[in-house]
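Engineer: My questions will all concern the structure given below.
The values are calculated or read from the model by the stated rules, or taken from the named source; none is laboratory data. Because the structure is predicted, anything quoted here is derived from the model rather than measured. Here the Cβ positions follow ideal geometry from the backbone for every residue, glycine too, while neighbour counts run over all protein chains shown.
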Amino acid sequence: NVWTSAAIRKRFLDYFASKDHRVLPSASLIPEESDQSLLFTNAGMVPFKKYFQRPDTAPHPQVATIQKCLRAGGKHNDLDNVGYTPRHHTFFEMMGNFSFGGYDKRQAIIYAWEFLTQHLQLPVDRLRVSVLASDTESQAIWKNIVGLSADHIDVLGSQDNFWSMGDGEGPCGPCTEIFWDTRQLDRSTEDRWLEIWNIVFMEFYRDSHGKLDKLPTLCIDTGMGLERMASVLQNRSNNFDTDALYPLVSAVGTLVGGGHSSLDQVIPGKAEMLAGQRIIADHLRSSSFLIADGVVPSNVGRGYILRRIIRRAVRAGRQLGLVDPFLRSLYPTVTQLLGNAYPELTEKGTLIADQLHQEESIFYKTLDKGLLLLEQAFSRPEFAQKKLIDSHTAFTLYDTHGFPVDLTCAIAKERGWQVDTKGFAKLQQKQRERSQHTWKTTGPTSTAADLSSAWADSMIRSGKANGSTFVGYDP
Ligand code: ATP
Ligand code: MG
Ligand code: MG
Ligand code: MG
């Protein structure tokens, strides 16, 4: 069997269709307008949020999907992990099966186990599970029904095994997770034991005050990362080495010349280069999908997150020695990899490539000056002593040179420096007050779009959303 990404997708959906699940297409990365608790879809359950509270309104009691997900801020933020862990992307595909009153814990666990061990034929001795300490029911199912020995069952606390979509209001509950032993003994425990599948038992609804209410019916929500599954089945030690991403990583390598394809064969000094290639590959996927779903680079709300992602990719390109816009030239590789599964990438291909190019071109105008300013800050003895970029430099970079502060933080972090983000937030707040004043005196022309971007901005500022946390950013 050759487990291409396409074959994995198909096998997953076929399996759950054969178990009376209705297969639904991926929803947009932008949650429904009525759901103001999130900026982006960060898990397969997001489009079904309302069904957990009202299972009777679900189109079918059992559903399976492969959902486009974005994790670039908020509770589940993987932006800074990209390129540095083998398993994180900002954009990824989450395969999931769901039950809205259709089946119980036991059935959910048996489906997952049967799929992994019989259909994908993963060897049992390389799998291990975690369960919530108080969830003795799941522990008993793994032990007595599946037949796992105690040393393959990790009993953990709610930090690890209680899942929720965000920090605010929403469905939540205990979960049990399945891990794959990569047998990469030199890696950290987290990287050696690759989390592949999370099975969540939606038992509660947390209201906006943090109070947990029991849901009328126990629902099931599961999520398995496609790219991680591909790394397991293709025997790769890194998601970026699978058929889902490798061609893009290597296209960046070709562009810069002398690029590398895999950490396993890295020449000393080239590891950073490979990280840069991976960052570009990842960010190109996420920004392409965001544009396809209607997001436009801007200074507010969702558009600002898109802008941040694109600008981080552009800066990574500069690190690799690219001096001209390059994103558009890589876009055909994106459609080659994902166009079949996601036709919107082909249908809106021209728009996407043009917007990437436009945003990149805008940033190129200020990038060099900004990098120079940053270099000067790095060489000032009074900053070097504390390894801290001051708030004024960070603010000038943001305001004059178009550097989102998380980008400044990321560059600082590469040298073991930090940024005074608290001071930055104060300067930004002052500026906001000034511009609000201007807005009041010139009179509002408020449209629905303005209102929603104002809302998205307040979500970002409060750090509640799966969006930016650029105020109070913790480098
Ligand atoms: P991790 O602990 O590795 O960060 P997670 O616990 O945050 O993962 P969940 O919220 O449980 O992930 O999501 C369900 C599944 O989605 C994970 O088991 C994994 O297979 C996949 N997944 C989660 N985050 C990412 C990501 N950033 N990139 C790729 N796949 C992911
Ligand atoms: Mg995570
Ligand atoms: Mg985890
Ligand atoms: Mg998890």
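Engineer: Just to check your reading of the model, which residue among Lys75, Lys19, Lys10 is in contact with a Gly (Cβ under 8 Å, 6 or more places away or on another chain), within 21 Å of Ile196 (Cβ to Cβ) and either within 16 Å of ligand 2 (Cβ to nearest atom) or not hydrophobic (A, V, I, L, M, F, W, C) (or both)?
Structural biologist: None of the other options fit; the residue is Lys75.
Here is a yes/no grid of residues against (1) assigned to a loop (DSSP other than H, G, I, E, B); (2) among the aliphatic types (A, V, I, L, M); (3) not assigned by TED's automatic domain parsing to the domain that holds Trp197:
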position	(1), (2), (3)
Lys75	yes, no, no
Asp80	yes, no, no
His89	yes, no, no
Tyr103	yes, no, no
Gln107	no, no, no
Ile110	no, yes, no
Glu137	no, no, no
Lys143	no, no, no
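Engineer: Here's another thing I want to ask about it. Between a residue in region 190-202 that is in contact (Cβ under 8 Å) with a residue 24 or more places away in the chain and hydroxyl-bearing (Ser, Thr, Tyr) and any residue that is in a strand (DSSP E or B) and within 12 Å of ligand 4 (Cβ to nearest atom), which pairs come within a Cβ distance under 8 Å, given they are 6 or more apart or on different chains?
Structural biologist: Close Cβ pairs satisfying both conditions: none exist.
Engineer: Which residue pairs have Cβ atoms under 7 Å apart, sit 6 or more places apart or on different chains, and have a first residue in region 156-182 that is touching a residue at least 40 places away in the same chain (Cβ under 8 Å) and a second that is part of a helix (DSSP H, G or I) and hydroxyl-bearing (Ser, Thr, Tyr)?
Structural biologist: As it stands, the answer is Thr176/Ser138, since those pairs meet every condition given.
Engineer: Of the numbered conditions (1) touching a Gly at 6+ places or on another chain (Cβ under 8 Å); (2) within 16 Å of ligand 4 (Cβ to nearest atom), Phe204 fails exactly one; give the number of that condition.
Structural biologist: Tallying (1) touching a Gly at 6+ places or on another chain (Cβ under 8 Å); (2) within 16 Å of ligand 4 (Cβ to nearest atom), Phe204 fails exactly one: (2).
Engineer: Given the criteria assigned by TED's automatic domain parsing to the domain that holds Trp142, at pLDDT 95 or above, within 20 Å of Val124 (Cα to Cα) and more than 12 Å from ligand 1 (Cβ to nearest atom), does Thr182 qualify?
Structural biologist: yes
Engineer: Also, quick follow-up: When region 286-299 is examined, which residues are found to be buried (at least 17 other Cβ atoms within 10 Å of the Cβ) and not acidic (Asp, Glu)?
Structural biologist: Passing the criteria: Ser286, Ser287, Ser288, Phe289, Leu290, Ile291, Ala292, Val295, Pro297.
Engineer: Related question: Show me the helices (runs of 4 or more DSSP H) entirely contained within region 241-359 in which 3 or more residues are modelled with pLDDT under 95 and out of contact with any His (no Cβ under 8 Å at 6 or more places or on another chain).
Structural biologist: 246-256, 271-292, 301-319
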